[in-house]
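Notes follow the structure.
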Amino acid sequence: MNELEPNKLLAAVDARTKLAGSNKMELLLFSLGTHETFGINVFKVREVSPTPPITLTPNMPAGVEGVISLRGSIIPVISLAHFIQLDNVPAGLGQTMIVTEFSRHTQGFLVHEVDRIIRVDWDRVKPPENMFAGQEGMITAITELDDGRLVSILDVERVLVEVLGEKPVPPLPHVDSAHETTVFFADDSSVARREIISVLDKLGVKYIQANDGREAWDKLLGIANRASGERMSLRNQLHLILVDAEMPEMDGYVLTRNIKTDGRFAGIPVVMHSSLSSEANRTMGQQVGVDAYVAKFDPAVLADTLLSFLRR
């Protein structure tokens, strides 16, 4: 695959929105010139093209090769090889560029070549094992192709945070409540979990966390079963549920659908917190019943969204 134009990618957006609640996603496969196969969620990809001339600029963060002009916008061009610490950069690496858009930022990722788009079940996407720890935690999940090849799904949100830096959590008011306020959240990204915890701590809110969708649903069922057994209202124990869209084992859309179809969770708002900030993804969230959709990574916006529900 040499070039993937924006109109070709967007032509199937309507079909892709039907993936909501199906526990499936589509990955664009690519290589960095090694034997490994990597993947990125298609919803984060705008286009793929040969790398245009890159303009070097001073004081760029490590891993940023420079900038390019793309349809009137200046965007950074980032070397993925830098972030997974390739010892020997293969010849030809960087001749292809994947233009991505997520977390309200647009950037180009330099790769060796792209392969194809595949559809995978989230329950076949697993958290990385210790064997990938040497790549500095940049692998967020692993899946296996039908031919036995492993695909490493890069934590591109973490790459972006490494480049741009984390936004500081601003001073926040405590949630005023006569009773203890508890938020349940699920996210597979260590960067996102750290931000969420910082926001909740400043709001003075207790929290229960899970690292993937399956773990989250198992924990939520346990909380609901205990509340039922004790004849207590679940709404008095959980006041809001915050879910990521992309998670191993079970995505946030299926998790939300499970929550919304279980009457015990009635009245507990579900907020989707995702780097997938396009209208198509917001539509997918609405289809499964999320009460609000907030884009990563902006702690002030996240706090405002949570407060709008927790103060009710």
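At-a-glance table
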quantity: Options L93, L28, L9: the member that is modelled with pLDDT under 70, open to solvent by less than 20 Å² (accessible area, probe 1.4 Å) and either under 23 Å from S152 (Cβ atoms) or touching a strand residue (DSSP E or B) at 6+ places or on another chain (Cβ under 8 Å) (or both); calculated: L9
quantity: Residue in the range 264-283 that is modelled with pLDDT under 90, open to solvent by 10 Å² or more (accessible area, probe 1.4 Å) and β-branched (V, I, T) present; calculated: yes
quantity: Pair list, Cβ under 7 Å, 6 or more apart: the range 62-78 residue in contact (Cβ under 8 Å) with a residue 24 or more places away in the chain, other residue of a type in the set (G, A, S) and open to solvent by less than 30 Å² (accessible area, probe 1.4 Å); calculated: G63/S79; E65/S79; I68/G108; I75/G108; V77/G66; V77/G108; I78/G63; I78/G108
quantity: Odd one out for H239, checked against (1) touching a strand residue (DSSP E or B) at 6+ places or on another chain (Cβ under 9 Å); (2) open to solvent by 10 Å² or more (accessible area, probe 1.4 Å); (3) farther than 17 Å from Q209 by Cβ; calculated: (3)
quantity: Count of residues meeting criterion [among the aromatic types (F, W, Y) and either open to solvent by 10 Å² or more (accessible area, probe 1.4 Å) or in a loop (DSSP other than H, G, I, E, B) (or both)] in the range 31-80; calculated: 1
quantity: Of all residues in the range 102-111 being modelled with pLDDT of 90 or more and crowded, with 18+ Cβ neighbours inside 10 Å, the one that is farthest from A295 (Cα to Cα); calculated: V111
quantity: Restricting the range 222-232 to residues that are without any contact (Cβ under 8 Å) to a residue 40 or more places away in the chain and of a type in the set (A, V, I, L, M, F, W, C), the residue that is farthest from R257 (Cα to Cα); calculated: M232
quantity: Test set (1) among the β-branched types (V, I, T); (2) in a helix (DSSP H, G or I); (3) farther than 27 Å from T283 by Cα; (4) touching a residue at least 60 places away in the same chain (Cβ under 8 Å) - V175 fails condition number; calculated: (2)
quantity: Some residue of the range 152-161 being of a type in the set (S, T, Y), touching a residue at least 60 places away in the same chain (Cβ under 8 Å), touching a Pro at 6+ places or on another chain (Cβ under 9 Å) and surrounded by 18 or more Cβ atoms within 10 Å (Cβ to Cβ); calculated: yes
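Quick grid of which residues meet (1) open to solvent by less than 60 Å² (accessible area, probe 1.4 Å); (2) farther than 24 Å from I40 by Cβ; (3) within 15 Å of the chain's Cα centre (by Cα):
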residue: R194; (1), (2), (3): no, no, yes
residue: Y207; (1), (2), (3): no, yes, no
residue: W217; (1), (2), (3): yes, yes, no
residue: V243; (1), (2), (3): yes, no, yes
residue: D251; (1), (2), (3): yes, no, yes
residue: D291; (1), (2), (3): no, yes, no
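The values are calculated or read from the model by the stated rules, or taken from the named source; none is laboratory data. Small disclaimer: the values here were computed from a predicted structure and weren't measured. In this analysis, Cβ positions are derived from the backbone assuming ideal geometry, glycine residues included, and neighbour counts consider all displayed protein chains. Note: accessible area is taken over every heavy atom of the protein model, side chains too, but ligands, DNA and RNA are not part of it. Shrake-Rupley method; radii C 1.70, N 1.55, O 1.52, S 1.80 Å.
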